[in-house]
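The values are calculated or read from the model by the stated rules, or taken from the named source; none is laboratory data. Since this is a predicted model, take the numbers as computed values, not measurements. Every residue, glycine as well, gets a Cβ built from its backbone with ideal geometry; the counts of neighbours run over all protein chains shown.
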Amino acid sequence: MLGANSFTFTTASLTTTTSYWMRASNVAGSANSNTATVTVNSSVVPPYDFWKAAIFTTAEAADPLISGPTADPDGDGVSNQNEFIYGTAPKVPGTVPNAAVSFQEIKFPLISQPPPQQERAI
C-alpha cells in the first residue's frame, strides 16, 4: 500500500442519507479518514412521467383524461401507456404499431427509445 492514493468502496444501494469513515491499518499502525456524508436524492422521475412531460403541454400533463396512462387523446384506440411503449404519437391519430402474426408468433416492432438518463445527486 506504500504510495497508494485512492481506494474504491462499493456498498449496496442506499435509501437514506448516511455517513462513512474508513480505517487503514498495517504493521506500522492505523489511520482513520475524515467522515464523508452521502446524501441520497430519491426524486427519480419514472420513465412514463418523463415521456409525458416531453409530449404534452403543462395543462395536458396535469389532466389525466388527456395524459393519463389509460387515456387516448387522439382517439386511435391505443392508450397513452401503449403509445409510450411502442414509441408512437399519442396526439396523432393513426400512428398505431403494426403487429404481425405468423404461426404461433406475434411480433410488435418497438420503435421507442429509452428516455435519456437523468443525473442524480448521490
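Scanning region 2-39 for residues that are modelled with pLDDT under 70, over 35 Å from the mean Cα position of the chain (by Cα) and on the phi < 0 side of the Ramachandran plot yields 2, 4. Residues that are under 23 Å from the mean Cα position of the chain (by Cα), more than 18 Å from residue 53 (Cβ to Cβ), modelled with pLDDT of 65 or more and of a type outside the set (Val, Ile, Thr): does region 82-89 have at least one? Within region 82-89 (the criterion being under 23 Å from the mean Cα position of the chain (by Cα), more than 18 Å from residue 53 (Cβ to Cβ), modelled with pLDDT of 65 or more and of a type outside the set (Val, Ile, Thr)), the answer is yes, since at least one residue qualifies.
Taking first residues from region 70-84 that are under 10 Å from residue 95 (Cα atoms) and partners that are assigned to a loop (DSSP other than H, G, I, E, B) and at pLDDT 90 or above, the Cβ contacts under 6 Å between residues at least 6 apart in sequence or on separate chains come to 74/91; 74/92; 83/90. Being modelled with pLDDT of 90 or more, in contact with a helix residue (DSSP H, G or I) (Cβ under 8 Å, 6 or more places away or on another chain) and among the hydroxyl-bearing types (Ser, Thr, Tyr) is a property that residue 79 lacks. Considering every residue within region 49-60, establish whether at least one is in contact with a Leu (Cβ under 8 Å, 6 or more places away or on another chain), surrounded by 13 or more Cβ atoms within 10 Å (Cβ to Cβ) and modelled with pLDDT under 95. Checking region 49-60: not a single residue is in contact with a Leu (Cβ under 8 Å, 6 or more places away or on another chain), surrounded by 13 or more Cβ atoms within 10 Å (Cβ to Cβ) and modelled with pLDDT under 95.
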